[in-house]
Each structure stands twice: as C-alpha cells, then as structure tokens.
Amino acid sequence: MRAAAIVVSGGLGSRMGKPKQFLPLAGATVVEWSLKCFADMPEVEAVVLVLSEDAMKEHGARLASGKVRVVPAGSTRMGSVRNGFAAVPPDVEVVAVHDGARSMVTAEIVRAAVAEAAKSGAAVAAVPVKDTLKRVPKGGVAVVETPDRAQFWAAQTPQAYRYAVLKEALERFRDDADATDESQLVERCGRPVSVVPSSYENFKITTPEDMTMAEAILDARAGASRLTKAGFGFDIHRLVAGRELWLAGVKLPHDKGLLGHSDGDAVLHAACDAVLGALGLGEIGIAFPPSDPRFKGLASREIVAHTLGKVAGAGAEIVHLDCTLVAEEPKLKPHYESMKASLAGVFGLPSARVSLKAKSHEGLDSIGRGEAISCHAVATVLAPVSPRA
Ligand code: MG
C-alpha cells in the first residue's frame with residue numbers, strides 16, 4: 001500500500017492567543033507530535049505539512065526533513081488541503097488528511113483509516129457520540145428534538161481517501177465551499193464514506209484545558225514505554241589506621257579508615273555500580289581506573305556526579321537505592337540517619353527513595369576480623385525502552 005499524508009496546520013490561533021500548533025507539548029510542539037506519527041510510519045512515503053506563510057518562515061526549514069515537505073496554507077481549510085494535495089506524489093493509492101492539532105493520533109488509527117479508504121474509497125476516523133444530543137434551532141434555547149444518539153459519530157481526522165476520490169472532490173468544489181471537512185464534499189459527489197472507530201484520545205487541541213489533557217496522555221504513553229530495571233553493585237576496601245572513614249558521603253568518627261585510591265567510600269562505590277549495572281553501562285572502574293594518578297584522593301561524590309550524568313544521558317531515572325554495609329567495626333547503627341540523609345542528598349533523591357542498613361560478619365573472615373568493610377547495593381532504575389528494541 002502506497003500512502004501519503006497531508007497535515008493541515010495553517011491556523012493563526014485565534015482561540016489560544018497565538019498559533020496553538022507551536023505551543024510546547026510533552027517535550028515537543030503540538031504539530032510535531034502529529035507529524036511524528038506519520039513520519040514514523042514506513043508505509044507513509046510522503047508527508048506534506050501545510051503552514052501559514054509566517055510559520056513557514058519561522059519553522060519550515062526545521063520541520064522539513066526526510067519525507068516531510070512544507071507548503072503554504074490557502075485562505076480556507078479547503079485551500080490548504082488543495083495546496084497540500086498538489087505536493088503529494090500522484091502515484092500514491094491513498095491520501096490521509098490530518099489536523100495538525102490532533103497530536104494524540106496513533107499509527108493504528110491511521111492504518112485503519114488508510115485500509116478502509118483503499119477498500120471503499122473514503123474513510124473518516126470517528127468515535128461514537130457519548131453525550132445525549134439535543135437539537136436546538138439556531139439562536140434559540142428550546143429543544144425541538146432528541147435524536148437517537150446511537151446513530152451519531154463525532155468525526156475526527158485522519159480522513160483518508162483514494163487519491164482519485166480526493167482529486168475529484170477538490171476539482172468539483174471551490175475553496176469557499178461550505179464544508180468543515182473534505183469528506184462532506186466526497187459525500188456530495190455521491191461517493192460512499194465510511195467511519196473507522198478511533199480513540200477519544202485523538203481529540204483536537206482547541207482550548208488551553210486541552211493542552212493539560214494532551215500533556216497527560218502523551219506523558220502516560222511515554223511512561224508505558226519505560227522499563228523498571230534492577231542493578232547490583234558490590235565494593236570492599238581494607239580498613240587501616242591513619243585514614244579518614246568515609247561512608248555514604250559522611251565522615252565517621254573512627255581511628256581507622258578505608259584504604260583506596262579515592263576516599264574509599266564503599267557505599268557510594270557500590271551504589272554507583274548498582275546504578276550503572278541497571279543501565280548496562282559497566283562499573284565505575286572504567287571511568288575512574290585506580291591506576292590513573294589523576295584520581296588519587298578523589299572524593300567519591302565526583303564518581304556519583306559522573307554516574308548521575310550517565311543516568312541523565314540515558315533518559316533514565318533512579319527510583320530507589322538499597323545499600324547493605326558489612327562491617328565489624330565501628331558500630332554503624334548510630335550513624336544510620338546521617339548516612340541515609342547523605343546518600344539521598346548525594347544522589348539527589350527524596351529520603352523515601354533510599355535505604356541503608358548494616359550487618360556484622362559474625363567474626364568470620366577478613367571483615368569479621370575488622371580488616372575490611374564491604375557494601376552491597378541494589379538500584380532500581382526506570383529506563384526508556386529504545387524505539388529499536
Ligand atoms: Mg571502591
């Protein structure tokens with residue numbers, strides 16, 4: 001199936017104060033979400049974006065890329081569709097016309113409309129009307145009829161047409177034809193038009209409240225494409241005389257400290273390795289090799305800062321850190337709260353998202369003899385699913 005799309009976004013935004021199609025929405029703009037849906041569909045070989053002359057000057061160069069072409073709007077919606085249609089490759093089978101302000105359109109809706117248009121000539125994405133309808137003659141308030149709601153559908157876009165069907169409608173009617181969509185003109189040509197069940201989320205962004213709803217829907221969809229991942233980290237350092245004891249970013253009172261190239265903070269090291277593990281990004285020794293003299297005496301907060309940079313770079317978010325110290329001395333219970341607060345602070349997490357506790361090693365082995373302190377950590381991370389995964 002060879003298909004093309006016309007995304008109509010030539011409005012001047014009288015209801016929102018400025019052109020709504022360029023308002024920021026969930027990390028992009030209103031019209032970019034609409035464009036992305038069609039541009040990402042392999043079966044849509046050309047996308048024609050219709051913009052006002054001013055918007056073309058300001059945004060045209062940025063938005064025209066790959067299969068997206070930008071053309072100027074007409075003086076009416078019909079004129080804009082006509083200009084868009086002129087830029088569609090004439091050998092495509094189906095042309096889908098879409099409102100740029102329906103940012104929540106999905107590939108499934110487009111595919112359903114395109115498939116139905118290929119079969120029957122013209123198809124309109126639509127949803128059954130939920131509210132009871134009242135007919136009130138223009139200018140009045142008196143209800144004269146309550147029509148059977150079951151017979152009514154609210155028309156959305158995309159509206160898809162076989163190329164020749166849309167061509168005929170545009171040739172038979174002028175740009176000032178009294179029509180709010182092209183499918184009415186196809187009906188007037190005496191051709192069949194079918195509805196294709198769509199989603200109530202595919203509404204047209206018209207008023208400021210619609211932006212709030214749209215943002216919530218797009219954010220929820222982004223959340224659905226994130227995965228919760230767990231990572232595990234471990235670290236151990238020798239406990240020796242004449243060193244400061246740093247754990248979880250806190251300097252603890254003790255006559256011994258952890259030996260290491262850095263400050264030896266086994267909690268921060270294990271926590272960083274757990275986070276990197278959840279993201280599949282190795283461990284801290286790769287970025288901070290102990291053999292590199294530049295990192296001698298390094299504060300482990302620097303290692304955390306590096307790790308948080310990796311988290312941000314991956315578009316991920318740390319959900320929770322759980323750390324278990326294993327130490328015979330000093331007694332760590334009195335320092336739980338200060339270490340927990342520090343751990344949360346260093347990782348920039350609310351305190352409810354960190355946990356820290358300690359165990360002894362029951363006098364067994366090197367840790368049990370007080371020769372070392374170790375730490376185990378589990379990180380829970382919310383990571384985006386790669387579109388190619
Ligand atoms: Mg270490």
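The values are calculated or read from the model by the stated rules, or taken from the named source; none is laboratory data. As the structure is a computational prediction, the values presented were derived from the model and not from experiment. Note: ideal-geometry Cβ built from the backbone for every residue, glycine included; neighbour counts use all protein chains shown.
Worth a mention:
- Here the condition is being touching a Cys at 6+ places or on another chain (Cβ under 9 Å) and either more than 14 Å from the ligand (Cβ to nearest atom) or not assigned by TED's automatic domain parsing to the domain that holds Gly368 (or both); of Thr324, Thr307, it holds for Thr324 alone.
- Residue within the stretch 199-216 that is aliphatic (A, V, I, L, M), outside the structural domain of Thr29 (by TED's automatic domain parsing) and away from the ligand (no atom under 16 Å from the Cβ) present: no
- When the stretch 28-42 is filtered for residues that are in a loop (DSSP other than H, G, I, E, B) and free of Cβ contacts under 8 Å to residues at least 12 places away in the same chain, only Pro42 remains.
- Residues within the stretch 123-151 that are touching a helix residue (DSSP H, G or I) at 6+ places or on another chain (Cβ under 7 Å) and closer than 20 Å to Ser199 by Cβ, tallied: 4
- Per the conditions (1) within 33 Å of the chain's Cα centre (by Cα); (2) in contact (Cβ under 8 Å) with a residue 12 or more places away in the chain; (3) outside any loop (DSSP other than H, G, I, E, B), the sole criterion not satisfied by Glu108 is (2).
- Residues in the stretch 349-387 that are exposed (fewer than 12 other Cβ atoms within 10 Å of the Cβ), farther than 21 Å from Leu227 by Cβ and touching a residue at least 12 places away in the same chain (Cβ under 8 Å): Gly363 alone.
- Residue in the stretch 52-68 that is touching a Pro at 6+ places or on another chain (Cβ under 6 Å) and charged (D, E, K, R) present: yes
- Residue in the stretch 273-292 that is at pLDDT 95 or above, within 14 Å of the ligand (Cβ to nearest atom) and out of contact with any helix residue (DSSP H, G or I) (no Cβ under 7 Å at 6 or more places or on another chain) present: yes
- As for the stretch 229-237, it holds no residue that is of a type in the set (A, V, I, L, M, F, W, C) and part of a helix (DSSP H, G or I).
- Qualifying residue in the stretch 4-26 (condition: at pLDDT 95 or above and more than 20 Å from Asn202 (Cα to Cα)): no
- Looking only at the stretch 269-290, residues that are in a loop (DSSP other than H, G, I, E, B) and either more than 18 Å from Gly249 (Cβ to Cβ) or not assigned by TED's automatic domain parsing to the domain that holds Glu317 (or both) come to 7 in all.
- Taken as a whole, the structure places Val195 among residues that are away from the ligand (no atom under 11 Å from the Cβ) and in contact with a Phe, Trp or Tyr (Cβ under 7 Å, 6 or more places away or on another chain).
- Filter pass, Leu356 being out of contact with any Leu (no Cβ under 8 Å at 6 or more places or on another chain) and under 17 Å from Phe234 (Cα atoms): no
- Residues of the stretch 48-65 classified as more than 16 Å from Ala101 (Cβ to Cβ) and touching a residue at least 40 places away in the same chain (Cβ under 8 Å), total: 1
- For the stretch 249-267, the criterion of being at pLDDT 95 or above, within 16 Å of the ligand (Cβ to nearest atom), assigned to a helix (DSSP H, G or I) and closer than 18 Å to Val326 by Cβ is met by at least one residue.
- Count of residues meeting criterion [without any contact (Cβ under 8 Å) to a residue 60 or more places away in the chain and either closer than 24 Å to Lys359 by Cβ or buried (at least 17 other Cβ atoms within 10 Å of the Cβ) (or both)] in the stretch 262-280: 6
- Residue within the stretch 222-233 that is closer than 29 Å to Phe347 by Cβ, within 16 Å of the ligand (Cβ to nearest atom) and touching a Leu at 6+ places or on another chain (Cβ under 6 Å) present: no
- Tally, over the stretch 49-66, of residues that are at pLDDT 95 or above and under 24 Å from the mean Cα position of the chain (by Cα): 1
- Only listed residue being hydroxyl-bearing (Ser, Thr, Tyr), under 36 Å from the mean Cα position of the chain (by Cα) and in the same structural domain as Gly249 (by TED's automatic domain parsing), chosen from Ser360, Ser366, Ser342: Ser342
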